[in-house]
Structures are given as C-alpha cells and as structure tokens.
Amino acid sequence: FNILYVFSKYMEGKIVKFNKQKLFSTLLTFLFLFILYRFSNVSELNTLFINANIKRIEVSPTNSEDYRQYLMKYSPSDLGIPENQLNCLEPALLESDSYNLQEKTIEIKEAISDVTLLFEVLKYSYAGYLYFGNEEKWETAKNNILNQINAYPEKLSVFTLQQILIKNLYFIKDNHFLINNTPVLNHEDYYYNQTFTIQQDSRGFYLYVNTQKWYIESIEGDPNVEQYIKPSLDESGSRCNYIGILSTHPYTAVTLKLNSGRDSKEIHVKLEKSTGKIYNEIQLSKAYSSKKINNIPIFSMRSFISTNNLTAYQESAKYAKGKDLIILDLRGNSGGQTTIPATWFESFTGQMPKTNHIDIRLANLINNYVTKKALKIIDYENLTPYFKNLYEIESDIATQTKNKWYITKEKKVVLPNTTKIFVLIDKNVASSAEWFVESLDTLKNVVFVGTNTSGCTLSKQSIRCTLPYSKLTATYGDTISINDIEEGRGFEPDIWIGGNDTLERILAFIEKS
C-alpha cells in the first residue's frame, strides 16, 4: 500500500525529486510478488488451516461477571437435609438405567414428599441453584409443581410426575441436569439445505434458480442473511456454502426473499435435520479404534465411559504427534470420564489445556459425602500423575467438615502444533467429549467439521438423587463452569456438514487438495 501511495503521488506530480529508476524497480518487484502470491500453489487445505489458526488466535477474554452472586450462604455445619436421607444420594459415575415408568403410580402424598425432598437437596447441593434464579424463583416452581400434583384425586402416574417436574424446571439451562436421565433443556438442532449452493460477491449472497442469478434479500424475514450461510463441503469434497439454521423448534423449510435486479420473488427451501451418530452396544464396546485411509491416520473415539482403553489412547496420541495430518472422529461420543481425553491431550502436547472458564464448586457436607463414595470406585493406580494429584486434592476436600465454596479461574492459552488435525463432531458429542473439543480448540492447526455439539459443559455431572417413592432420579453437578460454550447450543464447527458422510467428504477434500 505504501508503494501504491508513492506511485500515485508520483503520477500526480507531487513528488518532484524521486529516483524514477528506483521507483520502476520497486514497482516491478511488487508486481512480481503479487503475481507469485496470486498464482502460487497455496492449496485449499493449507488455506483452511490458515483461516482456522487466525480464529484460534482471536482469544476471547475470560468471563468477568461477578460470580459471588451465585454463592448460596450456608451455616458452616448445616447438612440441610435429615441425615437418614443421605442414602438417596450417590455418585453419577455409577451407571444407571432410565427407570421404567410403565403403569407405575404413586399416592399424592408420596409425590409431594418426593418433590419436597428434591427441592431441599437441590438447595443444599446443586452448585447452579442461584445461577438460574433467586430463592423466590425456585419456591414458585416448587409451589406450581405441588399445585399440579394436588389437582389429581388420589394417585398419579410416575411418568406424569416426571413431565410436571421437567415442565416447571425449564429455567435450568443446564444439559447435565436430568430428571430420570431426561434433560430439561432443549438442544438446538442443525437444519440445512444442500440443493442450493450459496455464493457471494460485492453485492451480497446469491444463488441460481433455473440458471438465473438471484440475490438473497432476507431469510425468514431476516435481512441478516450471513448468519444463515454456513461454509461446507459438497459430496465431491469441494468447498461451498449452504443454508443452515440452528433451532430448538423443528424446521421443514425456510422462506427466501430474492431479487434479480429486475424482479423479486419468494421461494421456500426445504431443510433436512442433522441426525448425528448413534452407536449400538456392540460398537460402544469398542469405544476406541484406529485405521488408515489413503495413508491418513483416523482415530475413532466413540465413548469416554470406560478407562479400559486408556493405554491405547496414550499410545495413539504419541503416534499422532508429529504426523502431517490426522483425523479425530468424535461423532456420537456422549462423554464419560474426563481422564481419557485429558490423557490423550497431555500425551500429545506434553501439557494440560488452558481454556476460558470460571469454576464454582460447592463442597459442602452433602456433596463431600458423595465425593467420598466416588473416590472409592476410582482406579487410583492406573491414573496419570496429573490425575493422581487431583485425586489427592479431592480426597482432602471430601474430609472437610464445613460447608465451603471453591472458585478457580483460567484463561485460554493457544498452544503450538504442527500436525494438521480434522476433528469430526456432531450433536451427540457431549460432556467430557465436549471438554476434549474445547481443549483441542486451544491448539493451532485444528479444524472442526460437522455440526454443533450438544452444549453440555456448564455443570459437572457428579451427583444422582433417587427419590424414595417414585424412584425418579435427579442428576446434577456440585460444580458449574462458566465458559465459552453456550449450553444447549454447543461448540460450532469451522465446516458444517449435516449428514453422516462427514468423513467421506473430508477425505475427498484432502484428496482434492
């Protein structure tokens, strides 16, 4: 730009004394470099990762809101519930099947007793209690539930009770908060269209209808068209843009208002709903696998529930380190133990990730009781040094005899990485698998492909309360983590692909590049 400025001033005659030969030589050099840059063999692959690195560098500031407003004040030694009711609490680490509600009914007074206990437990045990509203809000929800229960004559079905609870606890925007293994928060699904390829020029976004060029003036009446245009790959692996929308409500089509310069019209564009990977029990029994396609290492990580494959994860990370390009397939991974992805990350980078978050933990008498139970089922000897240290910290906290809050803050640090990594994600990626996604987002040369994840990172799913009469379970966390991932919306990819052929399209893209 400086060269062009000097040249323009020279042409205007405003630079009288200037070496014309030097100017010509400089401009010739500039022209050569421009041509070299313009026509150099910078592959689509490299361009994609360069853009991703720019995005990684744009580190958002750590949330600075006043977290103290979320800390419930307890008396130092107040348990909060009768001691004999502690037996309804257990670590969420223990496996639990959804309770069969078929034809099960309970007395009205039993339902009232269960609801009363649930609200007492949550007040003294759930770390997000004040995060989602004041005590008046919770009391209103409780009274609404009790009034709806009392509307039944003598008995009501357990399924009805479950629905009443879910409906009235809608304000809990926490995907780890479950009633009978059912979240109270709706997920934002990805709806998309692959019929029309969307292009852009200086005037705006456009598409072709019957070979005629039409500019998009609005989508669903919204002139902010860009938010509905998602970068993608077609079936041949070529980069393109498609229409896509995130919504908690079903979308079968969207209305586009078009303008050709002479005419205007509206068209209805059909949308498909992304499905996401779902594995059966046999597939999940092989939670980890690896293979090569076109000499590209592909690591499939279907679940982080069992630590049986921990050594295999460690070895795969060491093998992946230093490779030119790898693919991590996390689709369908609903999470499990953070130990597994953390071990992979540490083995790959030599350190633990640092992400933007503020952790608020309630370590009171109820939660410490559950923590002690959880520590007993952890295989300490097979933990890495990092997690052995965490185990010791947890053990120390669990022995405390007073109610206490723990606050920790962390700022995102972007780490160097020379291995190009494609990470495949979908809406079923949740919990510790999302923690892994957030951790991988701290590395350079990482591109995420697929759809938005579950959005299940706000709380640590650590406690399960089984209500005595209905046997309904409430699962929740003793910790909330205020971070960059929106609950229910999840982590959004760099490249959006709604179908289950994400791997095939990425391989085709790599082949083209």
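The values are calculated or read from the model by the stated rules, or taken from the named source; none is laboratory data. Not measured: the values here are computed from a predicted model. Positions of Cβ are backbone-derived with ideal geometry, glycine not excepted, and every protein chain shown enters the neighbour counts. We work out accessible area using only protein heavy atoms, side chains counted, and drop any ligands, DNA or RNA first. Shrake-Rupley method; radii C 1.70, N 1.55, O 1.52, S 1.80 Å.
Structural remarks
- Between residue 260 and residue 73, the contour length at 0.36 nm per residue exceeds the alpha carbon distance by 61.1 nm.
- Accessible-area composition of the chain, carbon plus sulfur, in percent [1.4 Å probe]: 49 percent
- The relative contact order of the chain comes to 21 percent, based on Cα pairs under 8 Å that sit 6 or more residues apart.
- Subset of 286/444; 55/292; 372/411; 372/404 violating a 18 Å alpha-carbon distance limit: 286/444; 55/292; 372/411
- Whole-percent pair-distance distribution, where bins are 10 Å wide, for the alpha carbons of segment 376-442: 14, 29, 38, 17, 3
- Inter-probe distance in nm under a simple model that places probes 7 Å from Cα toward Cβ, at residue 484 and residue 513: 2.1 nm
- Structural size metrics of segment 358-513, computed from C-alpha coordinates, are Rg and Dmax of 19.2, 62 Å.
- Beta bridge orientation in segment 269-418: antiparallel %, DSSP, nearest 5: 75 percent
- Prolate/oblate/rounded call for segment 292-424, Cα gyration tensor, a/c under 1.5 rounded: prolate
- Binned Cα-Cα distances of segment 294-363, short to long, each 5 Å bin given as a whole percent: 3, 15, 22, 23, 19, 10, 5, 2, 1, 0, 0
- Averaged over its residues, the chain has an accessible area of 51 Å² per residue, based on protein heavy atoms and a 1.4 Å probe.
- Prolate/oblate/rounded call for segment 404-444, Cα gyration tensor, a/c under 1.5 rounded: oblate
- Extension gain, residue 240 to residue 504, is 93.5 nm, computed as 0.36 nm per intervening residue step minus the present C-alpha separation.
- One quarter of the convex hull surface built on the alpha carbon atoms of segment 74-231 amounts to 16.4 nm², the projected area averaged over directions.
- CD proxy at 222 nm, helix term only [per DSSP H run n ≥ 4: -39500 (n - 2.57); per residue of the chain; nearest 500]: -10000 deg cm²/dmol
- Cross-link partners of residue 277 among aspartates and glutamates (Cα-Cα below 13 Å; sequence separation of 8 or more within a chain): 329, 426, 501
- Treating each Cα of the chain as an identical point scatterer and summing with the Debye formula, the log10 of I(q)/I(0) at q = 0.07, 0.13 Å⁻¹ comes to -0.50, -1.32.
- The overall shape of segment 273-322 is oblate: from the C-alpha gyration tensor, with semi-axes ordered a ≥ b ≥ c, the ratio a/c is 1.5 or greater and a/b is no larger than b/c.
- Using the Cβ-Cβ distance between residue 380 and residue 116 with R0 set to 30 Å, the FRET efficiency works out to roughly 0.20.
- Straight-line cross-link reach from residue 213 at under 22 Å between alpha-carbon atoms covers these lysines, not counting any fewer than eight positions away in the same chain: 230, 257, 265, 270.
- Contact order, relative form, for segment 430-513: 34 percent (alpha carbon pairs under 8 Å, 6 or more residues apart, mean separation divided by residue count).
- Lysines with Cα under 17 Å of residue 512, excluding same-chain neighbours fewer than 8 positions away: 420
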